[in-house]
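K.L.:
Supplied in structure tokens, the structure appears directly below.
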Amino acid sequence: KREMLRKTMRDAEDVKNGIIFCNRKSDVQILLKSLLKHGFNVAALHGDMDQRARMIALEGFKNGTTQYLVASDVAARGLDIPDVSHVFNYDAPHHSEDYVHRIGRTGRAGRLVPPIR
């Protein structure tokens, strides 16, 4: 599954930045390590991170120093992350309303990448 995600990320066109959603915080950390190992410019965002670490990850993503953000659904609601070019659903969300919040990160501009199988 991680190999397929990496291929999808490499093959995606016009990627300015992207959020990769996982259902579990532990999967966020595992995927982060894998993507870093394979040379992707990525940070993590999940509920077990302290506020300072979350703010650093978000700021890097917003200012463009970090291209990808691997996140749990904590990033799907209530965060102001403008101009996200791509959303990758590493895991399909458990609830349909979570899916709507995830894809809303792209400004609903049709730049969603289907779930990785």
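K.L.:
Filtering region 69-83 down to residues that are surrounded by fewer than 21 Cβ atoms within 10 Å (Cβ to Cβ) and of a type in the set (A, V, I, L, M), which residue is nearest to Asn17 (Cα to Cα)?
P.N.:
Ile81
K.L.:
Also, I was wondering about something else. If I ask for residues that are buried (at least 21 other Cβ atoms within 10 Å of the Cβ), part of a helix (DSSP H, G or I) and of a type in the set (A, V, I, L, M), which ones from region 36-68 would you list?
P.N.:
Across region 36-68, the qualifying residue is only Ala57.
Okay, residues lined up against (1) within 20 Å of Ile81 (Cα to Cα); (2) of a type in the set (D, E, K, R):
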site	(1), (2)
Lys7	no, yes
Asn23	yes, no
Ser26	no, no
Leu45	yes, no
Val70	yes, no
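K.L.:
Looking at region 1-14, I want the residues that are under 11 Å from Leu35 (Cβ atoms) and have a partner that is of a type outside the set (Gly, Ala, Ser) and part of a loop (DSSP other than H, G, I, E, B) with Cβ atoms under 6 Å, at least 6 apart or on another chain. Which pairs are those?
P.N.:
Matching pairs, first to second residue: Leu5/Tyr90; Leu5/Ile116; Arg6/His38.
Values in this text are rule-based calculations from the coordinates and carry no lab data. All figures in this text were calculated on a predicted structure; none of them were measured in a lab. Every residue, glycine among them, receives a Cβ derived from its backbone with ideal geometry; neighbour counts consider all protein chains shown.
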